[in-house]
């Protein structure tokens, strides 16, 4: 993939190196990376032990961000890193306008299931009209990312934005698995590789049917053998 302005959202306690590997695999040509390391917000009623734990969490987050900075320097990356209090959705709401990312990557979370992480990625794509991605498994993506799952509603029109995304950012080494969440439009029944050639898409395309809508697609990731989920900015029809 060829994204240039990625934003990585990662939660304290997650494997930050795996999260960094995920975003680097999706944007190998980028020399800049924005990271927001999220510390869960404490409850409204805090006793002294709670405040102490929260303080330790902030210190741990500073250390984790420092490790990310060191790793980024080792890869000649310029890192815009910040520790924020709240979840990834809150962090994105604050960062989206000043950073103007072309890709928002939701890293693996120690406190949320892959369903919840993928749901946050879907909500973000809808709310902010930005391409989003998340890992296909709870532990991130330890291998180079080459196979990406892109769900769509099954209509030919639903592939317009996805096609532009894959044309502009895909490479011949990528495989895009297009997963219709409804009945596949008859106009798309031809060979997907031929569709890709017509649209100027370098990535290899294939269709994989899934059941039970968006959550069914997420839960079928292991069987589909995707490395990550990729969503274009226009995914309003997914459910």
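The values are calculated or read from the model by the stated rules, or taken from the named source; none is laboratory data. Just so you know, these numbers come straight off a predicted model, no measurement behind them. With ideal geometry, Cβ positions are generated from the backbone for all residues, glycine too; neighbour counts draw on all protein chains shown.
Just a few scattered comments:
- Just one of the listed residues (79, 92) is in contact (Cβ under 8 Å) with a residue 60 or more places away in the chain and closer than 25 Å to residue 129 by Cα, namely 92.
Matching residues to (1) in a helix (DSSP H, G or I); (2) surrounded by 11 or more Cβ atoms within 10 Å (Cβ to Cβ):
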{"residue": "30", "(1), (2)": "no, yes"}
{"residue": "37", "(1), (2)": "no, yes"}
{"residue": "44", "(1), (2)": "no, no"}
{"residue": "50", "(1), (2)": "yes, yes"}
{"residue": "54", "(1), (2)": "yes, yes"}
{"residue": "58", "(1), (2)": "yes, yes"}
{"residue": "64", "(1), (2)": "yes, yes"}
{"residue": "68", "(1), (2)": "yes, yes"}
{"residue": "71", "(1), (2)": "yes, yes"}
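- Only one entry in 10, 23 is crowded, with 22+ Cβ neighbours inside 10 Å, closer than 24 Å to residue 203 by Cα and either touching a strand residue (DSSP E or B) at 6+ places or on another chain (Cβ under 6 Å) or at pLDDT 80 or above (or both), namely 23.
- Scanning the stretch 120-127 turns up at least one residue that is modelled with pLDDT of 80 or more, closer than 15 Å to residue 10 by Cα, assigned to a helix (DSSP H, G or I) and out of contact with any helix residue (DSSP H, G or I) (no Cβ under 8 Å at 6 or more places or on another chain).
- Test: residue in the stretch 131-144 that is surrounded by fewer than 20 Cβ atoms within 10 Å (Cβ to Cβ), in contact with a strand residue (DSSP E or B) (Cβ under 8 Å, 6 or more places away or on another chain) and either under 17 Å from residue 103 (Cα atoms) or at pLDDT below 85 (or both): no
- The one condition in (1) buried (at least 19 other Cβ atoms within 10 Å of the Cβ); (2) assigned to a loop (DSSP other than H, G, I, E, B); (3) out of contact with any helix residue (DSSP H, G or I) (no Cβ under 9 Å at 6 or more places or on another chain) that residue 76 fails to fulfil: (1)
- Members of the stretch 97-118 found to be surrounded by fewer than 22 Cβ atoms within 10 Å (Cβ to Cβ), in contact (Cβ under 8 Å) with a residue 60 or more places away in the chain and not in a loop (DSSP other than H, G, I, E, B), listed by number: 99, 114, 115
- For the residues 94, 83, the requirement of being under 20 Å from the mean Cα position of the chain (by Cα), under 27 Å from residue 123 (Cβ atoms), at pLDDT 90 or above and not in a helix (DSSP H, G or I) singles out 83.
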